[in-house]
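Report on the structure given below.
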Amino acid sequence: MSGAAIEQLAISRRGLLILSGTLSASIGLSHSALANGLTLLSSQSGDSKMSNGIITTQDGTRIFYKDWGPKNAQPVVFHHGWPLSADDWDNQMLFFLAEGYRVIAHDRRGHGRSDQTDKGNDMTTYAADVAELVKALDLRNAIHIGHSTGGGEVARYVAHAEKGRVAKAVLMGAVPPIMLQTAANPAGLPKSVFDGFRSALASNRAQFFIDVPAGPFYGFNRPGAKISQGLIDNWWRQGMAGGAKAQYDCIAAFSETDFTEDLKAISVPVLVLHGEDDQVVPIDDSAHKAIKLLKQGTLKTYPGLSHGMFATNPEQINPDLLAFAKA
């Protein structure tokens, strides 16, 4: 080997070590776990590979999904919040991939790279789409993790899932049991709050999708908050990739759907995670009520953390997710 080649190899190795250290710090991985993850990332053959694809549902809607890791490993399925996409779970997907899991995330209909539907933008259809994806990929013994609206989607799907498909579930900053103020839920948020969402989306979606992440979603409106412009920009990017009609309809889906009976029907273990400073889905009317309806529920709350805590504080959230997955 020539001197120049040896020098280049040394540079490449130093670069990999720097990349390893950077990724370890950013997603909370041990160096050994990260090394395993990098091996998976570089493998493009056999049953260990990174891929994405499209399924077409019974009503003709095309749903985009990512499917990474060994196909014989336990699946972890991620369900994103409104109005985002599977990309919101990049950190957690890399984390679980490095731990040897198969990780899957899809763009809900009307969101991200899936079809911009003007129909079926309701929780029952969302859950049916998940069931079709699970069947197409033949996922069994899966762990389903849902954030916000995705938590409602998880509750509705898991409550009615085919036997053997689901091992556990996680509801994070999730909307169940119901967000809307009703006679049965007087502590909920008034309909005027969600009418304001609809009005802001319809009048200037682009600005609205800056204001939400720059403000309450990540708690960046709190005094002393460490603001990440990257998170704000990425939220805006994901939101603007989706369809305005589907996102408009989804506001009713996440705010008005009552998941009480779904929560009661879930028989698998469920971990409920919630930030105590969640300004989007207030904890008292969500997690504190949901935990009482679950047969095998465990509640963990985080003082001072926001609705988007898995993005702002993955070093706290990821180990808790992993511990639950392994328990």
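Here are a few things to note about the model shown:
- Under 15 Å, Cβ to Cβ, from Phe259 - net charge with Lys/Arg +1 and Asp/Glu -1: -2
- Residue-count net charge about Pro213 - beta-carbon cut-off 12 Å; Lys, Arg +1, Asp, Glu -1: -2
- Cut-off under 5 Å, modelled amide H: who pairs with Arg165 long-range: Asn141
- Point-to-point label distance, Lys226-Thr124, nm (Cα→Cβ direction, 7 Å offset): 4.6 nm
- The residues of the stretch 51-326 have, on average, 37 Å² of accessible surface per residue, using a 1.4 Å probe with all protein chains present.
- Near-label residues of the stretch 138-153 by backbone N, under 16 Å of a point 7 Å along Cα→Cβ of Met240: none
- Cross-link reach is defined here as a Cα-Cα straight distance under 19 Å, omitting same-chain residues fewer than 8 places apart; for Lys300 the aspartates and glutamates meeting it are Glu276, Asp277, Asp278, Asp284, Asp285, Glu315, Asp320.
- Accessible surface of the stretch 51-326, 1.4 Å probe, proportion on carbon and sulfur as whole %: 53 percent
- Around the amide H of Val272, modelled in the peptide plane, lie the amide H atoms of Leu171, Thr298, Leu299, Lys300, all under 5 Å away and 5 or more residues distant in sequence or on another chain.
- Rounded if a/c under 1.5, otherwise prolate or oblate - the stretch 51-326, Cα gyration tensor axes: rounded
- The GluC sites (Glu not before Pro) of the stretch 128-217 meeting both criteria, a DSSP state outside H, G, I, E and B (loop) and at most 13 other C-beta atoms within 10 angstrom of the site's C-beta, are Glu162.
- Once all protein chains are placed together, Asp122 keeps about 60 Å² accessible to a 1.4 angstrom probe.
- GluC sites (Glu not before Pro) within the stretch 177-278: DSSP coil, no more than 15 neighbouring Cβ in 10 Å: Glu276
- Across the cross-link table entries Lys168/Lys264; Lys66/Lys245; Lys135/Lys326; Lys119/Lys264, which are compared at the Cα atoms, the separations over 18 Å belong to Lys66/Lys245; Lys135/Lys326; Lys119/Lys264.
- Most to least accessible of Trp89, Trp68 (protein chains only, probe 1.4 Å): Trp68, Trp89
The values are calculated or read from the model by the stated rules, or taken from the named source; none is laboratory data. Keep in mind that what you see is a predicted model, and the values were worked out from it rather than measured. Cβ coordinates were reconstructed from backbone atoms using ideal geometry, including for glycine residues, and neighbour counts include every protein chain displayed. Surface areas here come from the heavy atoms of the whole protein model, side chains and all, with no ligands, DNA or RNA. Shrake-Rupley method; radii C 1.70, N 1.55, O 1.52, S 1.80 Å.
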